[in-house]
Amino acid sequence: MRQWIVWCECRNSIHDIYVGMMSIFRHCIIVAMVVRPAITSSFSFKLQHRHRAIISHHHFIAGSITTLPPSSRTSRHRQGTHSHVPFLTTHHHDAVINNGMAEKNGFAQTATSYIGMMRPITIIQAVGAFLVGRLVILTSVASSRPSIIQELPNLLTASLSIYLSYGAGMAMNDCADVGIDSMHEDKQSRSVASETISLRNASLFCLALSILSIVFSFIARVSCKGSNVFPLWNLVNLMIMTTYALGLQRLFLVKNLLCGYLAISPLIGASLLGGGTSMLGGDVVGKLYKLAAIGFPLQVAREILKDVEDVKVDKGTKMTLPIVVGERNSKWIAYSLVYAVNIVMILSPYYWRMFKSTPNVYAISVAIGTPMCIWASVIPLSDGQQMLKKSVYVLLLGMILALLNQAR
């Protein structure tokens with residue numbers, strides 16, 4: 001009877017995945033039918049261009065032979081037809097090698113451009129927040145290393161899903177802000193703004209990342225025997241990122257609040273991976289809320305600083321805090337949030353108890369991260385908001401290592 005129940009649960013899970021995948025594939029087919037003519041024409045143009053280049057190269061070689069001095073042509077002709085073969089073969093072989101190297105370099109540059117759209121370093125912050133939340137849950141429910149080892153495949157699959165979804169969100173933002181980025185000195189080199197990647201291909205890349213993210217979220221859901229809430233949460237996040245890129249980011253303070261939510265949203269995903277907050281104790285949920293209480297204002301502060309940096313370009317297109325209250329007041333608000341978070345983390349005993357370990361890795365991360373936050377408020381704006389981002393990475397790393405030490 002027990003085997004029958006397990007088999008029924010597996011069959012239902014497989015059926016849910018099948019239904020979800022069929023829905024995704026239906027939308028992919030519709031999109032492919034829309035963009036197929038453009039892709040076909042582009043591919044045909046590249047083939048014709050390459051064919052013409054090869055023909056021109058051959059004509060160049062033939063011309064170089066016929067323009068030799070008469071004595072040279074006569075001597076080569078007397079030596080027989082075989083004397084022409086090494087000359088042609090050598091140059092043709094070099095041309096093939098050069099073309100092959102150019103194709104490899106072109107492929108590497110294209111791949112780098114696509115990966116750059118995802119902001120591969122920036123979105124690690126979302127994965128780090130998810131790992132902190134999940135480790136807090138695991139160490140609170142069962143403080144043992146075997147439980148974390150058993151959870152490792154689920155952690156990797158879910159982390160990959162989150163990484164791809166947040167990468168899709170970054171790429172969506174590049175597609176939506178192509179006009180603004182093209183006028184920004186520091187952003188003109190971005191893939192879409194510099195026309196390294198066409199807007200259509202960039203949109204298809206966003207769609208591919210979103211589909212892969214949903215697929216991996218279903219795999220994580222099945223492997224941990226949870227409900228559909230984790231894939232649903234991932235889908236809702238993708239919808240929020242889409243609406244953010246399409247217009248919500250232009251509304252006053254909405255951009256900052258949404259970015260703050262997306263920074264702490266992986267904590268919600270960590271609680272939903274195993275079935276939801278209803279399956280967790282009140283103490284665990286309280287820990288997640290306290291983590292969100294420091295993650296949200298830090299991200300909002302960084303977004304305000306980025307708005308201050310972009311204030312000249314944003315005028316007339318977006319309604320940001322620096323445009324409304326001024327650059328100086330906006331910087332004061334942002335760094336006030338940063339200082340408040342650091343004061344709470346240092347003075348509140350709750351966080352010290354939550355991340356207590358031997359050795360005390362969390363104390364080391366605070367000792368490094370807090371001076372970085374203070375230094376960020378002193379140095380120039382562009383360097384300051386980057387320094388603030390690095391301080392968040394330091395704190396996240398300290399939290400993760402402290403929680404892993406707790407499970408030993």
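The values are calculated or read from the model by the stated rules, or taken from the named source; none is laboratory data. Keep in mind it's a predicted model, so treat the numbers as computed, not measured. Note that we place each Cβ from the backbone using ideal geometry, even for glycine, and neighbour counts take in every protein chain shown. Ligands, DNA and RNA are stripped out before the accessible areas are found, and what is left, the full protein with its side chains, is counted by its heavy atoms. Shrake-Rupley method; radii C 1.70, N 1.55, O 1.52, S 1.80 Å.
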Query raised in the report: Out of segment 188-210, which residues are among the β-branched types (Val, Ile, Thr) and surrounded by fewer than 19 Cβ atoms within 10 Å (Cβ to Cβ)?
Result: THR196
**Report entry** Unmet requirement for PRO371, which otherwise passes all of (1) more than 25 Å from the chain's Cα centre (by Cα); (2) buried (at least 19 other Cβ atoms within 10 Å of the Cβ)
**Finding:** (2)
Query - Index of the failed condition, SER330 passing every other in (1) under 21 Å from TYR244 (Cα atoms); (2) touching a helix residue (DSSP H, G or I) at 6+ places or on another chain (Cβ under 7 Å); (3) of a type in the set (Gly, Ala, Ser) - result: (1)
Report task. Identify, from the list SER382, SER377, SER365, SER330, the residue that is over 21 Å from ARG250 (Cβ atoms) and touching an Asp or Glu at 6+ places or on another chain (Cβ under 9 Å). Result -> SER382
Query raised in the report: Can you tell me which residues in segment 173-187 are free of Cβ contacts under 8 Å to residues at least 60 places away in the same chain and open to solvent by 60 Å² or more (accessible area, probe 1.4 Å)?
Result: GLU185
**Report entry** From ILE364, ILE323, residue being open to solvent by 60 Å² or more (accessible area, probe 1.4 Å) and either hydrophobic (A, V, I, L, M, F, W, C) or modelled with pLDDT under 90 (or both)
**Finding:** ILE364
Requested in this report: For residues that are without any contact (Cβ under 8 Å) to a residue 40 or more places away in the chain and within 19 Å of the chain's Cα centre (by Cα), tally how many sit in segment 151-172.
Outcome: 3
Report task. Could you please let me know if SER278 is open to solvent by 50 Å² or more (accessible area, probe 1.4 Å), in a helix (DSSP H, G or I), at pLDDT below 95 and not charged (D, E, K, R)? Result -> yes
Query raised in the report: Restricting attention to segment 375-393, does a residue exist that is open to solvent by 40 Å² or more (accessible area, probe 1.4 Å), without any contact (Cβ under 8 Å) to a residue 12 or more places away in the chain and either part of a helix (DSSP H, G or I) or touching a Ser or Thr at 6+ places or on another chain (Cβ under 7 Å) (or both)?
Result: yes
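A quick yes/no check of all residues on (1) farther than 30 Å from LYS356 by Cβ; (2) modelled with pLDDT of 95 or more:
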{"site": "ARG145", "(1), (2)": "no, no"}
{"site": "LEU164", "(1), (2)": "yes, yes"}
{"site": "CYS175", "(1), (2)": "yes, no"}
{"site": "HIS184", "(1), (2)": "yes, no"}
{"site": "LYS187", "(1), (2)": "yes, no"}
{"site": "LEU209", "(1), (2)": "yes, yes"}
{"site": "ASN228", "(1), (2)": "yes, no"}
Query raised in the report: Of LEU238, LEU262, which residue is touching a residue at least 60 places away in the same chain (Cβ under 8 Å) and out of contact with any Phe, Trp or Tyr (no Cβ under 9 Å at 6 or more places or on another chain)?
Result: LEU238
Query - Flag if ILE149 is open to solvent by 20 Å² or more (accessible area, probe 1.4 Å), part of a helix (DSSP H, G or I) and within 26 Å of VAL222 (Cβ to Cβ) - result: yes
**Report entry** Number of the condition not met by PHE355 [criteria: (1) crowded, with 21+ Cβ neighbours inside 10 Å; (2) closer than 25 Å to ASN237 by Cα; (3) modelled with pLDDT of 90 or more]
**Finding:** (2)
Query raised in the report: Considering TYR339, TYR362, which residue is touching a residue at least 40 places away in the same chain (Cβ under 8 Å), over 26 Å from the mean Cα position of the chain (by Cα) and within 20 Å of PHE296 (Cα to Cα)?
Result: TYR362
Query raised in the report: Quick check: is even one residue across segment 236-254 over 16 Å from the mean Cα position of the chain (by Cα), within 27 Å of LEU135 (Cβ to Cβ) and either of a type in the set (Val, Ile, Thr) or part of a helix (DSSP H, G or I) (or both)?
Result: yes
Query raised in the report: Hey, does segment 288-305 have a residue that's open to solvent by less than 30 Å² (accessible area, probe 1.4 Å) and more than 21 Å from TYR261 (Cα to Cα)?
Result: no
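Conditions (1) more than 21 Å from ALA129 (Cα to Cα); (2) of a type in the set (A, V, I, L, M), marked per residue:
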site: ASP314; (1), (2): yes, no
site: VAL325; (1), (2): yes, yes
site: ALA340; (1), (2): no, yes
site: MET345; (1), (2): no, yes
site: LYS356; (1), (2): no, no
site: CYS373; (1), (2): no, no
site: SER382; (1), (2): yes, no
site: VAL392; (1), (2): no, yes
